[in-house]
Amino acid sequence: MNIRRSAPAAVAVVALVAATATASVSHAPVRYPPGAKAADTAVPLMGWNSWNLFGCNVNEHDVEAEADALVSSGLAARGYRTVTVDDCWFDPRRAPDGSLRADPQRFPHGMAALGRFLHARGLRFGIYESPNARTCAQFAGTYRGSTGSLGHETQDARTFASWGVDFLKYDWCATDSDPQRQVNAFARMRDALRATGRSIVYAINPNSDVAGAVPGPTVDWSPLANQVRTTNDVIPAWRTRLGRLGDQGIGEALEQAPAPTTPGVASDMDMLVVGFIGVSPAEARTQVAMWSMFGSPLIATNDITRMSTGISKLLGDPLLIAIDQDPSAPARRVGQAWVRRLSDGRLAVAFVDDSPRPVRLGATPSALGWTGPAPTVAGAWGAPPRPASRGSGPNWRRTTPRCSS
Ligand code: GLA
């Protein structure tokens, strides 16, 4: 069988019949404090996160509207169920007893009420914190205070559990990346979450604000967390040309892929930026398709209340979601193709090209590792020919939301 694509900035994903593969393991020379995770899952998270749309202006009214839209659009039924309030949800001063509390102006009903709102709709509640003294917005000087969890791990984990939190995004937010210090810090919150007795999915980002490195792919984080960030921040652009250590476009994040991964931890290529100005339809399709090929979490960040039918269909594409949620190892490069051997025996194949002129891409079944009789194409998905947009580049500001509708 031959697969042919001839379209710039296009991606095709095809499922065939094949055998399964095993994942590779990378070990770093660090000591892991013994302990178990609070939740036992490596299935890539699906949901929505407040950061790209609202930044530090996040408030309960907007989050609840996005949550309702996840349900009414049908995306929640497709799996987008974890609603995460990212940075800046908190009062920049802890309470007199040292506990975290919601920002009183933007979350007047408090975080427990938000958790109840989400749970009543069958959704899950995600929240954000940092293992260091300051969260990333505080570290960057765009939000007041110093309310990171350093020294408050047990207290904060208990607070989250009492609010009904189901997912924690724990963001490094410091310039150094000593692997042992990172492992110890991430283990402290792992143990604190576990001690609450509540099942809380734990996602770590070892990269944020680290100078001169992206440590996420370099250490085996699987004893510590359910999910690990392996890229820097992805913003609504195809390329930013800021280099690997700056904010990246979709295309640049893909060039790092597949990030090294270990069984038992999902490799997080950062949030989806589909639905934002600066991302063309072909680029949007490429991001969801390739994030699925790599088994990355699918975290929408666009305005769900005003999204187009096209974006809704893309996010809810059953073939891509099935590929994403499959427990198999992420895609690997085979010639011009990206290939992922799915656990049910099918083979997912993708081609990506962003060259300015149409090119011919192809692969034979044997080159893809297929050894059985003539395969059947179970599903095929692609993008129409369209020149690659270069996006809005480094001028994009995450605190000034502009969604395409
Ligand atoms: C870092 C993370 C982002 C976001 C911001 C919040 O940059 O990588 O995903 O959480 O912090 O400040």
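Here are the numbers:
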read-out	value
The stretch 305-342, residues that are farther than 20 Å from ASP268 by Cβ, aliphatic (A, V, I, L, M) and assigned to a helix (DSSP H, G or I)	ILE311, LEU319
Top-ranked residue of the stretch 116-131 - restricted to ones that are in contact (Cβ under 8 Å) with a residue 40 or more places away in the chain, more than 12 Å from the ligand (Cβ to nearest atom) and not charged (D, E, K, R), ranked as nearest to ALA187 (Cα to Cα)	PRO131
Filter result (in a loop (DSSP other than H, G, I, E, B), within 16 Å of the ligand (Cβ to nearest atom) and either without any contact (Cβ under 8 Å) to a residue 12 or more places away in the chain or more than 16 Å from the chain's Cα centre (by Cα) (or both)) within the stretch 37-58	VAL58
Residue check for ALA120: closer than 28 Å to GLY79 by Cα, surrounded by fewer than 23 Cβ atoms within 10 Å (Cβ to Cβ) and at pLDDT 95 or above	yes
Selected residue (only one of ALA253, ALA211, ALA259, ALA203 is of a type in the set (A, V, I, L, M) and at pLDDT 95 or above)	ALA203
Odd one out for ASP220 among (1) modelled with pLDDT of 95 or more; (2) under 25 Å from MET269 (Cβ atoms); (3) out of contact with any Asp or Glu (no Cβ under 6 Å at 6 or more places or on another chain); (4) not hydrophobic (A, V, I, L, M, F, W, C)	(1)
Options ALA76, ALA113, ALA67, ALA137; residue that is within 13 Å of the ligand (Cβ to nearest atom), surrounded by 15 or more Cβ atoms within 10 Å (Cβ to Cβ) and among the small types (Gly, Ala, Ser)	ALA137
Residue identified as small (Gly, Ala, Ser) and surrounded by fewer than 24 Cβ atoms within 10 Å (Cβ to Cβ) among GLY216, GLY212	GLY212
Residue count for the stretch 226-248, restricted to those that are within 15 Å of the ligand (Cβ to nearest atom), buried (at least 22 other Cβ atoms within 10 Å of the Cβ) and assigned to a loop (DSSP other than H, G, I, E, B)	6
All positions within the stretch 253-281 that are over 21 Å from LEU53 (Cα atoms) and not in a loop (DSSP other than H, G, I, E, B)	LEU254, GLU255, GLN256, ALA266, SER267
Qualifying residue in the stretch 327-343 (condition: surrounded by 14 or more Cβ atoms within 10 Å (Cβ to Cβ), within 16 Å of the ligand (Cβ to nearest atom) and at pLDDT 85 or above)	no
Scope the stretch 299-323; condition buried (at least 24 other Cβ atoms within 10 Å of the Cβ) and within 17 Å of THR82 (Cα to Cα); matching residues	ILE299, ALA300, THR301, ASN302, ILE304, LEU315
From GLY141, GLY115, GLY122, GLY110, residue being under 18 Å from TRP51 (Cβ atoms) and small (Gly, Ala, Ser)	GLY141
Count - residues of the stretch 141-191 that are in contact with a Lys or Arg (Cβ under 9 Å, 6 or more places away or on another chain), in a helix (DSSP H, G or I) and aliphatic (A, V, I, L, M)	3
Some residue of the stretch 170-180 being surrounded by fewer than 18 Cβ atoms within 10 Å (Cβ to Cβ), closer than 16 Å to VAL30 by Cα and either among the basic types (Lys, Arg) or in contact with a Ser or Thr (Cβ under 6 Å, 6 or more places away or on another chain) (or both)	no
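The values are calculated or read from the model by the stated rules, or taken from the named source; none is laboratory data. Fair warning: this is a prediction, and the values are worked out from it, not measured in the lab. Virtual Cβ from ideal backbone geometry, glycine too; neighbours counted across all protein chains shown.
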